[in-house]
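Below is one structure, written out as structure tokens; comments come after it.
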Amino acid sequence: MSAQLLLALETSCDESAVAILRDPGKGAAPELLSSLISSQIDLHRAYGGVVPEVASRNHALKLRPLVERALTEAGLRASEIDAFAATRGPGLASSLLVGHNMAKALAVAARKPFLSINHMEGHLLSSFLDSDVLHSASQIPPHLALIVSGGHTMLVDARSLGDYALIGRTIDDAAGEAFDKVGRLLGLPYPGGPEIEKHARKGDPTAYKFPRSMPRELNFSFSGLKTAVRYALPKVVDLDAELSNLCASFQQAVIDVLVDKSLRASSKTGAKLITLSGGVSCNSALRTALQQACESHGLQFLACPIRFSTDNAAMIAFAGLLRFRQGFRSDFTEDIDPNLVLCEPHP
């Protein structure tokens, strides 16, 4: 098969992202020619979270210049792209529409195929972007995927490309959401995750006995942990002096639950490989803890490269490429789905 070029757009929330991936064929590793992200964190920080109207308006302003810059960086014209992909969902409807419709328009103008991609599949597959584990762009090894982000915390039994079963998910706050909410309680800037991790490095993770919620089966619950932090704060005499200990203790409670559930899920499914992806996978303490746990249980561990862990178009391009090789194409009438699911629960 001759080389194929795929351009992908990602606008599921507040990141405007464009990536171009070249598939050389013949089993060779795909080559990322360009990966650009325009962050809106500074715009939303004043509100303590993402404002959908602000996000969509800025996608509309930023996306076209990003596409032009990505093509220039890759030394290509739009007419040379073989397929266009975009995130269909889940995400904010007003944000998804901008990228999804633009990718459609580019595909129509170039008379090329269009691929509508599940954002969570992008995260799931991102662990293999820089990995030698994936030798063929049409196959992924069976594994257990832990996806941890601001809006999702899930365990997925991934048997092959497109063959997934949900075996665990959050029943209230996602882990990333809990980080942001606790960060707000502690008076830290948005987003809370990186700020908590920064302070946690200097703290004692055993200073506060926060609960490790273990709901039934392999599901997650972090709402009670957030509430425990809120109830602990009035008893803290000097918040500045205790900030690092509070952050470290909260972070450790989250990590303990994530690691414990992952190992249980691996035992249940028989998976010998555990992957970690999503925005919270940036957390170095989580990466280290899960890697050490896998090593002690004789399991392989593969974490998404940090540069692909938060929302980005490279993971959408990669998922699009794998699907493209399968022969997958989307109809131009296909619409976004803010509540799009990756897979159904395990029977």
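The values are calculated or read from the model by the stated rules, or taken from the named source; none is laboratory data. This structure is a prediction, so every number in the text was calculated from the model and none was measured. Counting neighbours? That spans all protein chains shown, and the Cβs are built from the backbone with ideal geometry, glycine included.
Kindly provide the set of residues from segment 48-87 that are under 29 Å from F179 (Cα atoms), without any contact (Cβ under 8 Å) to a residue 40 or more places away in the chain and not hydrophobic (A, V, I, L, M, F, W, C), ordered by number.
Within segment 48-87, R57 is the sole residue that qualifies.
Where in segment 228-347 are there helices (runs of 4 or more DSSP H), lying wholly inside it, with at least 1 residues that are within 25 Å of L97 (Cβ to Cβ)?
313-326
So which residues in segment 302-347 are closer than 21 Å to V148 by Cα and surrounded by fewer than 19 Cβ atoms within 10 Å (Cβ to Cβ)?
P305, I306, R307, D337, P338, N339, V341, E344, P345, H346
Testing S284 on (1) surrounded by 15 or more Cβ atoms within 10 Å (Cβ to Cβ); (2) under 18 Å from T153 (Cα atoms); (3) out of contact with any Cys (no Cβ under 8 Å at 6 or more places or on another chain); (4) not aliphatic (A, V, I, L, M), one condition comes back false. Which one is that?
With respect to (1) surrounded by 15 or more Cβ atoms within 10 Å (Cβ to Cβ); (2) under 18 Å from T153 (Cα atoms); (3) out of contact with any Cys (no Cβ under 8 Å at 6 or more places or on another chain); (4) not aliphatic (A, V, I, L, M), S284 is out only on (1).
Determine whether segment 190-212 contains at least one residue that is of a type in the set (S, T, N, Q) and outside any loop (DSSP other than H, G, I, E, B).
No, every residue in segment 190-212 fails to be of a type in the set (S, T, N, Q) and outside any loop (DSSP other than H, G, I, E, B).
Scan segment 7-35 for residues that are among the aliphatic types (A, V, I, L, M), more than 16 Å from the chain's Cα centre (by Cα) and either modelled with pLDDT of 90 or more or within 12 Å of D311 (Cβ to Cβ) (or both) and jot them down.
L7, I20, L21, L32, L33
Could you check, for segment 236-248, whether at least one of its residues is modelled with pLDDT of 95 or more, of a type in the set (D, E, K, R) and under 15 Å from V280 (Cα atoms)?
no
For D157, state whether it is touching a helix residue (DSSP H, G or I) at 6+ places or on another chain (Cβ under 9 Å), acidic (D, E), at pLDDT 95 or above and part of a strand (DSSP E or B).
In short, yes.
I need the full set of residues from segment 21-47 which are free of Cβ contacts under 8 Å to residues at least 60 places away in the same chain, closer than 17 Å to A8 by Cβ and not small (G, A, S), in order please.
R22, E31, L33
Among the numbered criteria (1) crowded, with 22+ Cβ neighbours inside 10 Å; (2) under 21 Å from the mean Cα position of the chain (by Cα), which single criterion is violated by A248?
Looking at each condition in turn, A248 falls short on (2).
Quick check: is even one residue across segment 17-26 in the same structural domain as E121 (by TED's automatic domain parsing) and at positive phi?
Checked against the condition, which is being in the same structural domain as E121 (by TED's automatic domain parsing) and at positive phi, segment 17-26 yields at least one hit.
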